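Read-outs: derived from the displayed coordinates by stated rules, not from any lab. Just so it is clear, the structure is predicted and the values come from calculations on it, not from any experiment. With ideal geometry, Cβ positions are generated from the backbone for all residues, glycine too; neighbour counts draw on all protein chains shown.
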Amino acid sequence: MFFIFALSKKQSMNKYFFSLLLTFICTGVLAQKPLIGISTGYSASENTASVRYTYVDAVIKAGGIPVLLPLVRDSLAAVEVIERVDALILSGGEDVYPFLYGEEPAGALGGVNYVRDRSDMWLLHSAVNLGKAVLGICRGEQLINVTFGGTLYQDIPSQYPNRPTVQHGQRSSGTLPIHHVNVVKESHLYEIMQQELLAVNSFHHQAVKDVAPDFKIVATAPDGVVEAIEGFPKYNILAVQWHPEYFAQQGDKQWINLFEDLVQRAANTVAIKKPNIKQPKIR
Ligand SMILES: [Mn+2]
């Protein structure tokens with residue numbers, strides 16, 4: 001608008017129209033910054049929706065606009081929300097409800113939040129149907145695996161074969177990497193990170209057991225625990241077991257790249273006609 005007001009009366013109409021055109025082009029460029037929806041945690045007892053600020057800052061640093069998504073209570077609400085964002089981050093949180101992958105609860109199962117499981121599954125289902133890019137983080141990764149037909153270890157320390165040899169439930173700050181992961185070289189994750197060995201943080205006691213059809217394991221911890229899965233080329237989904245947003249918030253360029261990848265994938269939406277995905281059905 002400054003250009004328009006700065007015009008003197010002596011300037012020709014051509015210049016006026018040129019300035020107007022420039023304003024529209026600038027506005028158009030700014031409008032292309034993608035909206036990145038972030039699923040939030042839900043507390044029934046506190047009546048709140050919330051998410052750690054690390055996610056918000058990571059998206060901003062990657063050039064996206066973070067949009068916090070509160071719980072959706074039906075599939076239609078999920079479609080309405082996902083239609084308006086360009087990509088979805090499924091954030092961390094509670095254990096996934098074991099009935100969703102056909103198991104009875106193990107003794108060491110942590111707290112579950114079925115209302116949130118259902119909401120996240122509807123959001124994911126909508127994102128896949130509408131061809132929106134997805135990044136799953138921690139619980140988000142586990143929920144993606146379960147939604148597409150995979151299973152989980154409900155509790156690594158008591159269920160993982162031969163016992164895990166590295167600490168997955170770290171007791172130090174999330175800004176400190178606590179174990180390494182080996183990245184599969186033929187993977188989208190490797191294309192982003194350009195490294196076969198990554199140092200990551202770890203705040204989980206559950207992990208992927210059977211990987212969902214059409215997904216592949218793209219990173220594992222030294223003890224073999226699954227640390228990342230992806231659904232390319234069928235699904236526009238990358239999911240990691242660690243919390244890259246802590247490192248991105250600190251300004252670590254390599255980890256900001258992971259969120260920039262989501263921002264880039266957000267611009268490339270292709271609708272998939274018949275997703276092979278389960279609807280949550282619990283009685
Ligand atoms: Mn871990």
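Miscellaneous remarks
- Residue 133 long-range amide H proximity, modeled H, under 5 Å: 88
- Listing 148, 203 from fewest to most neighbouring C-beta atoms within 10 Å gives 203, 148.
- Chain lengthening between residue 68 and residue 106 when straightened (0.36 nm per residue, less Cα-Cα): 10.5 nm
- Phi to ³J(HN,Hα) by Karplus 6.51 cos²θ - 1.76 cosθ + 1.60 over region 237-251, Hz, x for Gly, Pro: 9, 10, 9, 10, 7, 8, 10, x, 5, 5, 5, 5, 4, 6, x
- Surface/4 of the Cα convex hull for region 94-223, nm²: 8.6
- Summing +1 for each Lys or Arg and -1 for each Asp or Glu among the other residues whose beta-carbon sits under 10 angstrom from that of residue 97 gives -2.
- Label-point separation, residue 172 to residue 94 (7 Å along Cα→Cβ), nm: 3.1
- The residues packed around residue 208, meaning those with a beta-carbon under 13 Å from its beta-carbon, carry a net charge of -1 if Lys and Arg are +1 and Asp and Glu are -1.
- Taking a ≥ b ≥ c as the square roots of the eigenvalues of the alpha carbon gyration tensor, region 35-266 is rounded, as a/c is under 1.5.
- Put a dot 7 Å past the Cα of residue 46, heading toward its Cβ, do the same for residue 84, and the two dots end up 2.5 nm apart.
- Segment residue 214-residue 267, extension gain: residue separation times 0.36 nm, minus the distance between their alpha carbons: 16.8 nm
- Remark: region 41-58, residue by residue, has Karplus-estimated 3J(HN,Hα) of x, 10, 10, 5, 5, 9, 6, 10, 10, 7, 8, 5, 5, 3, 5, 4, 5, 4 Hz, where x stands for each Gly or Pro and the curve is 6.51 cos²θ - 1.76 cosθ + 1.60 at θ = phi - 60°.
- Amide hydrogen proximity for residue 65: with H placed 1.01 Å from N in the peptide plane, the residues at 5 or more positions away or on another chain lying under 5 Å are 35, 36.
- Added length on full extension, which subtracts the Cα-Cα distance from 0.36 nm per residue, residue 33 to residue 250: 75.9 nm
- Residues 225, 67, ranked from the fewest to the most other C-beta atoms within 10 Å, line up as 67, 225.
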